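Laboratory data are not the source of any read-out in this text; all were calculated from the coordinates shown. None of the values given here were measured: they were computed from a predicted structure. Positions of Cβ are backbone-derived with ideal geometry, glycine not excepted, and every protein chain shown enters the neighbour counts.
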Amino acid sequence: MGDRADSWVGRAVPRLEDAALLTGNARFIDDLSPLPGIRHVALLRSPHPHARILGIDAEAARAMPGVVGVVTGAELREHLNPLASAVRAPMAYYPIAIDKVRYAGEPVALVAAEDRYLAEDAAEAIEVDYQPLDAVVDPLAALATEAPVLHEEAGGNLVHHRQFAYGDPEAAFAEAAEVVRLAWRYPRQSATPMETYGAIAHFEAAPERYTVWSNFQGPFILQPLMARALGIGGNQLRLIAAAHSGGSFGIKQGLYPYLVLLAAASRLLGCPLKWVEDRLEHLSASSSAADRADEIEAAFDGEGHLTGLRFDNLVNVGAYVRAPEPASVYRMHAAANGCYRVRHIAIQNRLVTTNKLPIGLNRGYGGPQFYFGLERAMDLAARRLAIDPAEIRRRNFLAADGFPYEGPAGAIYDSGDYGKGLEMLLEIADYPTLRARRDAARAEGRLFGIGLAAGVEPSGSNMAYVTLAQTPEEREKAGGRSGGVACASVAMDPSGTVTVHLDSTPAGQGHATVAAQIVADALGLRPEQIQVDTAMDTGSGAWSLASGNYSNRFAAIVVGAIAESAGRIAGKLKAVAAELLEVAADDVELAEGRARIAGVPEQGIALGRVAAATHWHPAGLPDGMAPGLYDTALLNPAVLDAPDGADRVASAVTFGFLCDLVALEVERATGRLRIERYASVHDVGRVLNPIVVEGQVRGGFAHGFGAAMFEELAYDQDGNFLSGSFADYLCPTSADLPPLEFANYETASPQNPFGSKGMGDGSSMLTPVVLANAVADALDLDEVELPLSLDRVWRLANPETDGR
Amino acid sequence: MKPAAFEYCRPDSLAEALALLSEYGDEAAVLAGGLSLGPLLNMRMARPEVVIDINRLADLARIERDGEVLRLGALVRQADVLASAECQDLVPLLVAALGHVGHYQTRDRGTLAGSAAHADPSAEVPLCLKTLAGAVELTSERQVRRVPADDFFQGTLTTARADDEMITALLWPTDRGRQGFAFEEVSERRGDFAIVAAAAWAERHDYDEGYRYGLGLGGVEEWSLVSRGGGRRAPEDLAEFADEVIAGVTEDIEPMRDQRASAAYRRHLADHLGRKVLLRALETALGEVQS
Ligand SMILES: Cc1cc2nc3c(=O)[nH]c(=O)nc-3n(C[C@H](O)[C@H](O)[C@H](O)COP(=O)(O)OP(=O)(O)OC[C@H]3O[C@@H](n4cnc5c(N)ncnc54)[C@H](O)[C@@H]3O)c2cc1C
């Protein structure tokens, strides 16, 4: 499939989504007004990073004009169960502070009024009696015995600790010719979608149920968790995602506690409630990637072969462990060997709570942090061993003829040819010339550096990888878990036109276009003839735990479900057409809107007539054939098995590959980086639509570039939040991005009928470290941290500079 | 992030606007481009009773030459100046600086007067106005007065404007910088407020051997640091002269520090950028005299 020269799949079909977006006709959550009488919510948030709530006086606020009501944590607690997570430490997480606030921005009270303005006026009038407590924001400081404790019941801030060994890391390090060691801080960052969180929650008393419209984007494993928090059955919580979303990059996962909060408040206040998050709320209190204090040790033999790895990951989860955390530190776990052959790996994972906002999904999910260590270590080893950084990677790559390859921690790498990618990269970047230019620049005393990085991009997650947070015995007791199910429905109506439903809640990635390409191929139609409904509704469409938009699952798994469902519709069309044409079903082909006899294209009938027969004349169908043309496929990739007793797990379905190279000059006088060249080569398996792929690469690069250069959700020592606007949290604009030279090649994945791999995260994972590598090279340094802000780079370039 | 309630007035004449200002005083806020005021309102950091939108006062949008002075009305947008050949000719330093102010989108609405009224210590327009020894025209029902930029800017977000006064124009000397000027700044991203900005101009007298210069540094302290001077004869060694001027300007400074830039970095940039722009301005204006 997808190989036919005339297929739509693989072609640069213009995105079907764009007409609506460009003409202002796309409807986002804030455009929806699904029922009358909606009231608007403002949230009163804690100004304190850490404080006890002694009392809340909302009488004045309740009496203000237009105010419907005020709800506090103490009231809501009666109606809510805590939100669960895979971490067993005893600590309750509610979507609103109950008796203590643990980060600046945590919701303390909810106000509903006739409009948002009045709601904010009323929120100002609420008086909260706080008893401020000492705060801690640094993950290492939070481990100290004298540190303020966030959750007294947990007995300390260390809320998760596991150690793993694969192969024999002790021996590998004992025998190593060279060991490089790095310790660093990784800053807290966020993907900052254009559209913030938004939701409308509606409680109905009879029958008792909640309907919530929102831009929540899964994973829908959180749906049962929300239902449990509300104390209801799953079928009493209907989640509807708007058809369009102004970006997510994972972060809209963190919306779910707000959905629970709004649902419960809708019940208490007796009216539907709408809340649209503003930018200050989004930056301070939505979700973000974790800041980390990590260490890595890498063992090498004398020829630069990587023989052992030790990771020590200390993850600052913020104030609460919000499901699916601690997944971010387990995302890369099973593929901790990266793209290399190393078999001996030790991993220690610790999670620590601090007075920062809780972490969650964010583009790259654990990848940028993981690769920062591994790929800095590879560059450092190359320097120590006097091996070219390209060569040391080449020496360690998985062999091209060794796929599928089972990594030491259980990842099953589907396909690849990493050496080929690296050669392409060196060629398009003109590596020899860059090296010559570096030599020349250095001879003149200038600071010129080249950075390289390579890595795999796991896609289509196994829902069970997060259970590595539990011991094999705990997992055994909890019952088996595995899989990453995708759902897709294809329907042909009586007039012969096609509608597709997806469970992938796209946030701008063009899923509708690619789905239409797949279905058009299967049914002999044109993509623009297919309607793809991406508005997900748990009350009416097929979905499962893995549904949603994350881990690049669309091109890895969902496409298979679409193909399966469309294939079954095609099969039925052929069977019915065969009767009408009086030939064997095998002789029927679907093309150009017709079912026709293969080899005799002028003999056929319009698909509309075939479809009509299944709806209008079921009695005329072949014996035993069900009427209509409606099919739903639920598909689970067989590779996604449960973790084994040795903590190995096939964590993802496909493993794309990418490698990046950057050449830059550091301006000694200002710390400014002048990017001379940035090149990136990707293997995303078979390309389903090159426009979509290139868009994802460029977007991922922009995220990675911002993360490398500017971005940090900053807190001061006392826990005050410092990045509450886009004047403080600096995202790159188009004017700041250097040109990206992008190329790709294909190794087909055996994991789905198209040979495609998931993609989209990759560049955001590698761009930060490749820039750090280049700066380290330019300045001849071991230690470089992010973001590469002017002041930081200037200091590194001028080590003689004193103090503040 | 919704503003507290306010009255919105959109006067059709300057007289009407001034009457409102004199009635409401510090309870009023003038709305020009809204790029700085808008966020302040939304974050409820400004809570005026009345917002006076001056965008209908078309007379204030004029760019006029008045002898040795270029008069830029309060509604002249940053983009207007960038597009004006007259401005390019008469105040090239300002035009060079405006390229660093925000982005196309913000310059299209943002006014120069709004920037002066807002008085951010890192803003380019106040820096240039002060470096060039320009002035601010303030109008109220009581009077029209011209306040030299040196006196107008008093600190972060603080100016000499009285509550009932409106800025009606910024006045730019046109005899400074046409022979030699330079502007440089360092900011994290394109279009950000500067971490440090440096502006300089130099001019040969047309009546004798003498010369004048100006150097301004923004973003270092709460207000722009400025040195202006001159002499009967151009300095022999321009580099040495520039060093002296810089040393004088930065002698006792206590640079600001924030999340993004330390005092040490600002001090270094003040020195580095200041020397660079001053030397370039001097060399263009006076270079010939030397050789
Ligand atoms: C994304 C972005 C980037 C920016 N980057 C820069 C930058 O790099 N450098 C820079 O300097 N600025 C920058 N700015 C600010 C911009 O230049 C503003 O335009 C300027 O500060 C204010 O001009 P305004 O016309 O929008 O004034 P407004 O926002 O309307 O008013 C600003 C203040 O001045 C007062 N005011 C306005 N006009 C008058 C008047 N005639 N008389 C009395 N008071 C008045 C208002 O009451 C208010 O207090 C940026 C803004 C944005 C949004």
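Could you give log10 I(q)/I(0) at q = 0.16 Å⁻¹ for region A:226-362, computed by the Debye formula over C-alpha point scatterers of equal weight, without solvent?
Debye output, listed in q order: -0.95.
What FRET efficiency, computed as 1/(1 + (r/R0)^6) with R0 = 51 Å and r the Cβ-Cβ distance, is obtained for A:TYR745 and A:LEU22, rounded to the nearest 0.05?
0.95
Using only helices, what value at 222 nm comes out for the protein assembly as shown when you add -39,500 (n - 2.57) per DSSP H run of length 4 or more and divide by the total residues, to the nearest 500 deg cm²/dmol?
-8500 deg cm²/dmol
Considering all alpha-carbon pairs of region B:7-53, what whole percent are spaced by more than 13 angstrom?
Every Cα pair in region B:7-53 considered, those over 13 Å come to 53 percent.
Apply the Kirkwood formula to region A:523-566: the hydrodynamic radius equals the inverse of the mean of 1/r over all pairs of different alpha-carbon atoms; give it in Å with one decimal.
Across region A:523-566, the inverse of the average 1/r is 12.3 Å.
Could you work out, for region A:465-613, what percent of all Cα-Cα pairs fall into each 5 Å distance bin, beginning at 0 Å and stopping at the bin that holds the largest distance?
Percent of pairs per bin, in order: 2, 10, 18, 17, 14, 12, 9, 7, 5, 3, 3, 1, 0, 0.
Evaluate peptide B:251-261: per residue, the Cβ atoms of other protein chains within 10 Å of its Cβ; return the mean as an integer.
3
Output the relative contact order of chain B, whole-number percent, from Cα pairs under 8 angstrom with separation of 6+ residues.
16 percent
Could you tell me the calculated FRET efficiency between B:ALA61 and B:HIS103, based on Cβ-Cβ distance and R0 = 25 angstrom, to the nearest 0.05?
Once rounded, the FRET efficiency stands at 0.75.
Roughly how crowded by other chains is peptide B:267-273, in terms of the mean Cβ count from those chains within 10 Å of each of its Cβ atoms?
3
5 Å is the cut-off here: which amide hydrogens, built 1.01 Å from N in the peptide plane, fall below it relative to A:LEU629, excluding neighbours closer than 5 in sequence?
Those lying under 5 Å, H to H, from A:LEU629 are A:MET492.
Scan region B:200-239 for trypsin sites (Lys or Arg not before Pro) in coil per DSSP, keeping those whose Cβ has at most 11 other Cβ atoms within 10 Å, and list them by number.
Here the sparse-neighbourhood loop sites are B:ARG232, B:ARG233.
With equal scatterers on the alpha carbons only and no solvent term, can you work out the Debye log10 of I(q)/I(0) for region B:152-227 at 0.15, 0.22, 0.23 1/Å?
-0.73, -1.10, -1.13
Taking θ = phi - 60°, what integer Hz values does the Karplus form 6.51 cos²θ - 1.76 cosθ + 1.60 yield along region A:343-360, in sequence order, with x for Gly and Pro?
10, 10, 9, 10, 9, 10, 10, 10, 10, 10, 8, 9, 8, 10, 5, x, 8, x
Which one of B:GLN88, B:GLN143, B:GLN154 has the biggest mean-square fluctuation once chain B is modelled by GNM with Cα springs under 10 Å?
In this elastic network of chain B, the residue with the biggest mean-square fluctuation among B:GLN88, B:GLN143, B:GLN154 is B:GLN143.
Would you please name the GluC sites (Glu not before Pro) within region B:182-291 that are DSSP coil residues with at most 13 other C-beta atoms within 10 Å of their C-beta?
Loop-located and lightly packed - B:GLU209, B:GLU236, B:GLU251.
I'd like to compare B:118-126, A:749-757: which one has the highest average count of other Cβ atoms within 10 Å, and what's the full order after that?
Packing order, densest peptide first, comes out as A:749-757, B:118-126.
Put +1 on the Cβ of every Lys and Arg and -1 on every Asp and Glu Cβ in region A:694-804; which of A:PRO739, A:ALA776, A:SER756 then has its Cα farthest towards the positive end of the dipole?
Most positive-ward Cα: A:SER756.
Which residues in region B:173-217 have a backbone N closer than 17 Å to a point placed 7 Å from the Cα of B:ARG232 along the Cα-to-Cβ line?
In region B:173-217, the label zone of B:ARG232 (backbone N under 17 Å from the point 7 Å along Cα→Cβ) covers B:205-212.
Taking amide H positions as placed in the peptide plane 1.01 Å from N, state which residues far from A:ALA177 in sequence (5 or more) or on other chains have amide H under 5 Å from it.
Hits under the 5 Å cutoff: A:PHE300, A:ASP301, A:GLY302.
Using the Kyte-Doolittle scale, find the helices of chain A whose mean hydropathy is at least 0.0 and whose Cα atoms extend 30 Å or more along the helix's long axis, counting only whole DSSP H runs.
What comes out of the filter, once short or polar helices are dropped, is A:559-581.
Which whole number in µm²/s is D for region B:224-289 by Stokes-Einstein, with the Kirkwood Rh taken over Cα pairs at 20 °C and 1.002 mPa s?
It diffuses with D of about 165 µm²/s by this estimate.
If you take the charge dipole of region B:58-173 about its Cα centre, with +1 on Lys and Arg Cβ and -1 on Asp and Glu Cβ, which of B:ALA123, B:LEU75, B:VAL136 is farthest toward its positive end?
B:ALA123
Averaged over its residues, how many other protein chain Cβ atoms are within 10 Å of peptide A:661-672's Cβ atoms?
Mean partner shielding for this stretch: 2.
Relative to the compact globular guide of 2.2 N^0.38 Å, what is the alpha carbon radius of gyration of the protein assembly as shown, as a ratio?
This ratio for the protein assembly as shown stands at 1.02.
Order by neighbour count: A:LEU781, A:LEU306, fewest other Cβ atoms within 10 Å first, most last.
A:LEU781, A:LEU306
Once fully extended, how much extra length lies between A:ALA535 and A:ARG435, figured as 0.36 nm per residue of separation less the alpha-carbon to alpha-carbon distance?
Full-extension gain reported as 30.9 nm.
If contacts are Cα pairs under 8 angstrom and at least 6 residues apart, what is the relative contact order of chain A in percent?
The value is 16 percent.
Calculate one ³J(HN,Hα) per residue across region B:153-158 by plugging θ = phi - 60° into the Karplus curve 6.51 cos²θ - 1.76 cosθ + 1.60, and present them in order as whole Hz with x for glycine and proline.
7, 10, x, 4, 6, 10
Go ahead and set up a Gaussian network model of chain B, Cα springs under 10 Å, then flag whichever of B:GLY102, B:GLY177, B:GLY274 fluctuates most.
Result: B:GLY102 has the largest fluctuation of those listed.
log10 I(q)/I(0), Debye, Cα-only region B:58-173, no solvent, q = 0.18, 0.22 Å⁻¹?
Result of the Debye calculation: -0.85, -1.32.
Would you mind giving the average projected area, over all directions, of the Cα convex hull of region B:180-286 in nm² with one decimal?
Spelled out: convex hull of the Cα atoms, projected over all directions, averaged, 6.7 nm².
Can you compute 3J(HN,Hα) from phi for each residue in region A:589-595, using the Karplus curve 6.51 cos²θ - 1.76 cosθ + 1.60 with θ = phi - 60°, rounded to whole Hz and x for Gly and Pro?
3J(HN,Hα) across region A:589-595, in whole Hz: 10, 9, 7, 6, x, 10, 9.
Grab the Cα-Cα distance for A:GLU444 and A:ALA174, subtract it from 0.36 nm times how many residues apart they are, and report the gain in nm with one decimal.
Using 0.36 nm per residue and subtracting the Cα-Cα distance, I get 93.0 nm.
Return the long-range amide H neighbours of A:GLU106 (sequence gap of 5 or more, or a different chain), with a cut-off of under 5 Å between placed amide H atoms.
It is A:SER46, by chain and number.
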